[in-house]
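Quick notes on the structure that follows.
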Amino acid sequence: MSGVAWHYVLKFIITGDAAVGKSSLLIRLTDQRFLANPDPTLGVEFGSKLITIPEENKVVKLQCWDTAGTESFRSITRSYYRGAAGCLLVYDVTSRQSFVNARSWLQDVREHADPHLTCILVGNKVDLCADEDPTDPGQDPPTPADAPAKPGRRKREVTTDEAHIWAQEEGLLFVETSAKSGQNVEIAFERATRDILEKVRKGVFDEDRSPGVKLSQPKNDGLAVDAPTPTSRCC
Ligand SMILES: Nc1nc2c(ncn2[C@@H]2O[C@H](COP(=O)(O)OP(=O)(O)OP(=O)(O)O)[C@@H](O)[C@H]2O)c(=O)[nH]1
Ligand SMILES: [Mg+2]
């Protein structure tokens, strides 16, 4: 396969509670598919994807480190935060606890990652509550005991507004996604990438000293050539 060209390589980390869909978001991004029963991540997994930011006329290679949400891996996964330019902080919109716990994941990121890192708060699994009002945190209407359960549906426990407000307070970008349907998955990475490129333009990231942002070495037409990297398990 011939090489592909890119202008920037950006290191991303994906963090958040176990089972919120971090690996599913990465698989959706890199392979455009969804696994109903993926294995929990043990340590860290890696995936790579080229995206284009048309208005900047830039091709960006995202190098994504997908971390385990299980507590026992926390000290290992923290060591991957260093040098990241971007972070997807993921919670499950049907799990209030995963949203509450996002605070402590954010604290970890702030302690261990570059202070200039761009973080996007990602409320995943919106497909499970697609027919609900996203502003309504209330209870489901009572259903008769013999009513058939709606398969593949769960109640939203975090409203869009609440998450949006918290993201603004913390200086995070925000998006709601579904790794299952693919809704907004690329947009989440693109938004974060645009924000990082803006910071690069403003000189916030020093290309030599920020290992999460690498500029290509110009070759021929000003693009660097690099072989595509397959998704692979790390540890
Ligand atoms: N309905 C629905 N299910 C999802 C979505 N994303 C993930 N899941 C399911 O949620 C479960 C956990 O997904 P994972 O991607 O393994 O979660 P994770 O955050 O990587 O979990 P750890 O690796 O243990 O930290 C799996 O059964 C997925 O199929 C989504 O957008 N919608
Ligand atoms: Mg995982």
Segment Asp131-Ser75, extension gain: residue separation times 0.36 nm, minus the distance between their alpha carbons = 16.3 nm
Enumerate the calculated ³J(HN,Hα) couplings along region 10-15 in order (Karplus 6.51 cos²θ - 1.76 cosθ + 1.60, θ = phi - 60°), each rounded to whole Hz, writing x wherever the residue is Gly or Pro.
-> 10, 8, 10, 10, 10, 9
How much length is gained if the chain between Ala36 and Val100 is pulled fully straight, taking 0.36 nm per residue apart and subtracting their Cα-Cα distance, in nm to one decimal?
-> 20.5 nm
Assertion target for Ser24, Ser104, Ser95, ordered by fewest C-beta neighbours within 10 angstrom first, is Ser104, Ser95, Ser24
Note, region 153-168: 3J(HN,Hα) by Karplus (6.51, -1.76, 1.60, θ = phi - 60°), whole Hz, Gly/Pro = x, goes 10, 9, 7, 5, 10, 10, 6, 4, 4, 4, 5, 4, 5, 5, 4, 5
Please give, to one decimal in nm, the separation of the simple spin-label points placed at Ile53 and Arg201, each 7 Å out from Cα toward the Cβ.
-> 0.8 nm
Once you have a ≥ b ≥ c as the square roots of the Cα gyration tensor eigenvalues for region 31-90, tell me rounded if a/c is under 1.5, and otherwise prolate or oblate according to whether a/b is larger than b/c.
-> oblate
Sequence-distant lysines (8 or more away, or on other chains) whose Cα lies within less than 18 Å of Lys49 | Lys11, Lys22, Lys58, Lys61, Lys214
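Quick check: convex hull over the Cα atoms of region 8-218, volume per residue in Å³, rounded to an integer?
That works out to 130 Å³ per residue.
Give the residue list of trypsin sites (Lys or Arg not before Pro) in region 1-61 that are DSSP loop and have at most 15 other beta-carbon atoms within 10 angstrom.
In loop regions of region 1-61 (DSSP not H, G, I, E or B), the sparsely surrounded trypsin sites (Lys or Arg not before Pro) are Arg33.
Laboratory data are not the source of any read-out in this text; all were calculated from the coordinates shown. Being a predicted model, the structure only gives us computed values, none of them experimental. No Cβ is skipped: glycine too gets one built from the backbone with ideal geometry, and neighbour counts run over all protein chains shown.
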